[in-house]
Every structure is written in structure tokens, then in C-alpha cells.
1. Give the residues of the range 122-137 that are under 16 Å from P102 (Cβ atoms), open to solvent by 40 Å² or more (accessible area, probe 1.4 Å) and of a type in the set (A, V, I, L, M), sorted by residue number.
2. I'm told L149 meets every condition in (1) among the aliphatic types (A, V, I, L, M); (2) at pLDDT 95 or above; (3) open to solvent by 40 Å² or more (accessible area, probe 1.4 Å) except one. Can you identify the failing condition by its number?
3. Looking at the structure I just gave you, is K99 closer than 22 Å to G71 by Cα and either loosely packed, with under 15 Cβ neighbours inside 10 Å or of a type in the set (A, V, I, L, M, F, W, C) (or both)?
Amino acid sequence: DLHRLIRRQRQMCIRDRIYLSPYASAGNPRLIYSKKEGERFFQKGTDAYNAQNYPVAVDYFRKCIDSEAGGSLIGDAYFWVGNSYIHLKDEYLALEYLKRVPEYPLCKNIDDALFLTAVTYRKLGDAEMARFFLERLLRRFPDGEMAKLALLELKRLKSMD
């Protein structure tokens, strides 16, 4: 049984290795929940996030992602999973979820996700990627609320060079 597990881990591609995080489960099968269940999971995830119970929030938001809920709700769930992983100090796993948010154009957190992605990259020491996401934010939302913060963050990055 242990040998099978070791062999399975060796076969995992690099992209899947991110799920070896202590906060993420590696082998859960993807279940499809109904739209109504997805909406309920999202609400429970929001409640857990607001209570600062981030591992539980991640679990509920991931169940929402695995549901038939609408695209905007799925995009928001990706955002909150990424945000929760930042609170759990797992920035690399957070980035994997945050970068998925723009795939859902009706999501209301796209600009926040782009900004949070940039700030996380800066925090990890990757100024080039931080700059890329800030510029992407400014191109997509030039008049949005996050644009002013993105400009300030770009100035901060320039002063660090």
C-alpha cells in the first residue's frame, strides 16, 4: 500500500505537486455537486472565512468549485480559496487559485485577484511577475478601484530596483 502511494507520487506531474501542501488534499476525487449545493457551500465558506477558520473555508469553497454553480460564483470561490491560503501562509498554493479567477469574466473579484496575485509575487521576491499582474490589472480595469493601488505598487517596485 505504501509502495503504491510512493509510485503514484512519482508519477504526478510537476503542476500537481502543489497539492502536496499540508493544507491541500492530494487524492480526493472530483465530485460534482448541484447548483443549489454549490451556493450553500459558498455561503458556508464565507461564514468560515469571516470566522477566520481558513482550512474549513477552503474546504467549502473547493466544494463550491466542484459544483454546477454559475461561473461568477466559481470565480469568487477561487478568489476566496486563494485568499484563505494567503492567511494560511501558503503563498504558492494561493497563487494557483488566484490566477484562475480571471478565467471567469463575470466574477466580481477579478481586479482584487490580480492585485493580490501581484502583491504575493512581490512578497515572494518575484518583482517581474508582480509587475506583470499589476500592468494586467491596469489594462483591464484602468478606472477601477484597484487601479490607484496598482499604480502605487508599481512605484514601490520601481523604487526597489
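1. Within the range 122-137, just M129 meets the criteria.
2. Of everything listed in (1) among the aliphatic types (A, V, I, L, M); (2) at pLDDT 95 or above; (3) open to solvent by 40 Å² or more (accessible area, probe 1.4 Å), L149 misses just condition (2).
3. Numbers: closer than 22 Å to G71 by Cα: yes; either loosely packed, with under 15 Cβ neighbours inside 10 Å or of a type in the set (A, V, I, L, M, F, W, C) (or both): no.
No.
The values are calculated or read from the model by the stated rules, or taken from the named source; none is laboratory data. Small disclaimer: the values here were computed from a predicted structure and weren't measured. With ideal geometry, Cβ positions are generated from the backbone for all residues, glycine too; neighbour counts draw on all protein chains shown. These area figures cover heavy atoms from the full protein model, side chains too; ligands, DNA and RNA do not enter into them. Shrake-Rupley method; radii C 1.70, N 1.55, O 1.52, S 1.80 Å.
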